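Just dropping this structure here.
The values are calculated or read from the model by the stated rules, or taken from the named source; none is laboratory data. Keep in mind that what you see is a predicted model, and the values were worked out from it rather than measured. FYI the Cβ positions are ideal-geometry reconstructions off the backbone, even for glycines, and counts take in every protein chain you see. What goes into the accessible areas is simple: the full protein's heavy atoms, side chains included, and nothing from ligands, DNA or RNA. Shrake-Rupley method; radii C 1.70, N 1.55, O 1.52, S 1.80 Å.
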Amino acid sequence: MNVNMKLTSALAVLALVSACFAGVMFTDEANAENTSGLTYNVGIVEGATYSYTPAFSLSGVTITLSGTAASWLTVNNGVISGTAPAVSAAGGTATYDLTITAKTTKPVQTATQMIHFTVYDTLSGSVTVSNSNLYTGCTPSFTVTSCYQSGVTYALSGAPAGLSINSSTGVISGTVTDAGTTSGKSFTVKVTETHLASGQTKDVTVAVKVYSKLAQNTTTYGKDMYVVNGEVVTTDTSSEDYNKVVSNITSGVTYALKSGSTMPSGLILNSNGTITGTCTAMGDKTVTVVATQTATGQTVDCTMNIHSVGKLSFSSVPTGGIVATAA
């Protein structure tokens, strides 16, 4: 056999072998794809359920978990799931790391994926007011708190007119301009907290009432009192109160003399605004009384004009003709 024939036979054998193994690629684990070093950040709130189903470019993959997050995450039928553990510090966070290892056997390949978990404390907070009974014109003091000291925004709703909130600090300020009512108008003040990092929101509420601004009654009665021969006149034919200081709010209000003001001799101002006693002084006198609403603490000065006169009688006798007294 000459050289050309040997070369032709060799090429024929090589062609046959190549045809048998066409499309086959040999590999080993050393050449397998490895995604180690790629870390993904995931945020989750304590008590929340986390679930992740990894997808792969090949079939027949088995998964194993390692790292600190493997204490609360498990893999079942290709699904990684679990409940985020509680955070020990109020308004704090906890971190956990998880390494997911995927492996095939034919051919043998491994790939890893890493997750860095940040677990957030459940958002909590409160809103309080120093006195839940407000009144028109007052500047109430609210306190809004959150378990997070930063990264929280605030929104206000349901509050009486005139009040607003600082979206960054949660401070509620302003002067109540709502007219309220004499018996108290009810409001539910709601503050909505939003934690930006975790996306949590929470509503906290406080109930308040707004009363009308306390004022002296401007009608005729309640400003002038009459004393006849030492005795206080209580009412006239219209049943108006003449022996009482009157304000626009008829209940829950107490009265006391203003410092420096005195009652006519023999008369006493009672806490309900009535004036009693036997007057021993004649003439007119103006006294100043302080009215205080117990619920709101608001006060107002009221004036009372006291008119003390003697008993009505004739100071003359008929004249002319023959005058004689009755038998």
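Farthest toward the dipole's positive end in the chain, which of G174, S141, T49, given Cβ charges of +1 (Lys, Arg) and -1 (Asp, Glu) about the Cα centre?
The listed residue farthest towards the positive side: T49.
Let me ask something additional. Per the Kirkwood treatment, what hydrodynamic radius in Å, one decimal, follows for the range 83-160 from the mean inverse distance over all distinct Cα pairs?
Working: mean 1/r = 0.0574 Å⁻¹.
Every distinct Cα pair counted, the radius reaches 17.4 Å.
Under the 0.36 nm per residue contour assumption, what length would be gained going from the current alpha-carbon distance of S141 and T276 to full extension? Let's see the in-between values first.
On the way: separation 135, 0.36 × 135 = 48.60 nm, distance 3.98 nm.
Roughly 44.6 nm would be gained on extension.
Rg and Dmax of the range 54-110, using alpha carbons, in Å: what are they?
14.6, 50
Take the solvent-accessible surface of the protein heavy atoms, probe 1.4 Å, and return the percent of it on the chain that carbon and sulfur atoms account for.
Details: 10420 of 19050 Å².
About 55 percent, which is the carbon plus sulfur part of the accessible surface.
Now a separate question. For the range 177-224, report the translational diffusion coefficient in µm²/s to the nearest whole number, using Stokes-Einstein at 25 °C, 0.890 mPa s, and a Kirkwood Rh over Cα pairs.
Numbers: Rh = 14.2 Å.
Here the translational diffusion coefficient equals 173 µm²/s.
With an 8 Å Cα cut-off and a minimum separation of 6 or more residues, compute the relative contact order for the range 51-196 in percent.
Values: 269 pairs, mean separation 25.4, N = 146.
Rounded, it is 17 percent for the range 51-196.
Tell me, what does the Kirkwood hydrodynamic radius of the range 173-309 come to in angstroms if you use every pair of distinct C-alpha atoms?
Values: mean 1/r = 0.0572 Å⁻¹.
The Cα-based Kirkwood calculation yields 17.5 Å.
Once Rh for the chain is found with the Kirkwood sum over Cα pairs, what is the Stokes-Einstein diffusion coefficient at 20 °C and 1.002 mPa s, in µm²/s? Each step should come with its number before you reach the end.
On the way: Rh = 29.2 Å.
In µm²/s, the coefficient is 73.
Right, another one. Work from the charge dipole of the chain (Cβ charges, +1 for Lys and Arg, -1 for Asp and Glu, about the Cα centre) and give the residue of S126, P318, N243 farthest towards its positive end.
In the chain, that residue is S126.
In addition: Largest first, what is the accessible-area ranking of I322, I275, I268, I63 with a 1.4 Å probe?
I322, I268, I63, I275
Take the Cβ-Cβ distance between I322 and V228 as r, set R0 to 30 Å, and report the resulting FRET efficiency rounded to the nearest 0.05. Could you put the intermediate results ahead of the total?
Values: r = 35 Å, r/R0 = 1.16.
Efficiency, from the Cβ-Cβ distance: 0.30.
If you place +1 on the Cβ of every Lys and Arg, -1 on the Cβ of every Asp and Glu, and leave all else neutral, what size is the dipole of the chain about its Cα centre, to the nearest 20 Debye? Intermediate results must be reported in sequence, preceding the final value.
Details: 13 positive and 16 negative charges, 25 e Å.
Dipole of the chain, to the nearest 20 debye: 120 debye.
May I ask you to derive the FRET efficiency for S251 and S124 from their Cβ-Cβ distance with R0 = 56 Å, giving the value to the nearest 0.05?
Values: r = 38 Å, r/R0 = 0.69.
Efficiency computed from Cβ-Cβ geometry: 0.90.
Below 8 Å, C-alpha to C-alpha, sequence gap of six or more: please give me the relative contact order for the range 215-327 in percent. Present the calculation step by step, with values, prior to reporting the outcome.
Working: 220 pairs, mean separation 32.7, N = 113.
Here the relative contact order equals 29 percent.
Something else now. Taking Cα atoms, how many degrees apart are the long axis of helix 3-20 and the longest axis of the chain, rounded to 10 and kept between 0 and 90?
Value to nearest ten degrees: 30.
Can you give the extra length, in nm with one decimal, that the chain gains between T112 and A197 once fully stretched, where that is 0.36 nm per residue apart less the Cα-Cα distance? Walk me through the intermediate numbers first.
Values: separation 85, 0.36 × 85 = 30.60 nm, distance 2.74 nm.
My answer for the length gained is 27.9 nm.
At R0 = 25 Å, how high is the FRET efficiency between T49 and K103 if r is their beta carbon distance? Nearest 0.05 is fine. Could you put the intermediate results ahead of the total?
Details: r = 26 Å, r/R0 = 1.06.
So the FRET efficiency works out to roughly 0.40.
Over its Cα atoms, what ratio of radius of gyration to 2.2 N^0.38 Å does the range 243-327 give? Don't skip to the answer; put the middle values down first.
Values: Rg = 20.2 Å, N = 85, 2.2 N^0.38 = 11.9 Å.
It is 1.70.
Three principal axis extents, largest first, for the C-alpha atoms of the range 130-219, in Å?
Cα extents, longest axis first: 60, 18, 17 Å.
Round to a whole angstrom and tell me the spacing of the C-alpha centers of the range 87-139 and the range 258-318.
First find each Cα centre; the distance between them is then 68 Å.
Which whole-number value in Å² is the accessible area per residue of the range 159-259, probe 1.4 Å? Mind dumping the intermediate values first?
Details: 5140 Å² over 101 residues.
Using a 1.4 Å probe on heavy atoms only, each residue of the range 159-259 averages 51 Å².
Give K185/K223; K209/K258; K185/K258; K213/K258; K223/K258; K258/K285 a once-over and call out the pairs whose C-alpha atoms are over 26 Å from each other. Intermediate values should be presented prior to the final figure.
Values: K185/K223 28 Å; K209/K258 28 Å; K185/K258 30 Å; K213/K258 19 Å; K223/K258 16 Å; K258/K285 15 Å.
Over 26 Å Cα-Cα: K185/K223; K209/K258; K185/K258.
Let me check against my output: what whole-number percent is the relative contact order of the chain, with C-alpha pairs under 8 Å and at least 6 apart?
Values: 688 pairs, mean separation 37.3, N = 327.
Answer for the chain is 11 percent.
A follow-up question, please. Considering only DSSP beta bridges with both partners in the chain, what is the antiparallel share in %, to the nearest 5? Can you show the working numbers first?
Working: 74 of 90 bridges.
DSSP beta bridges in the chain are roughly 80 percent antiparallel.
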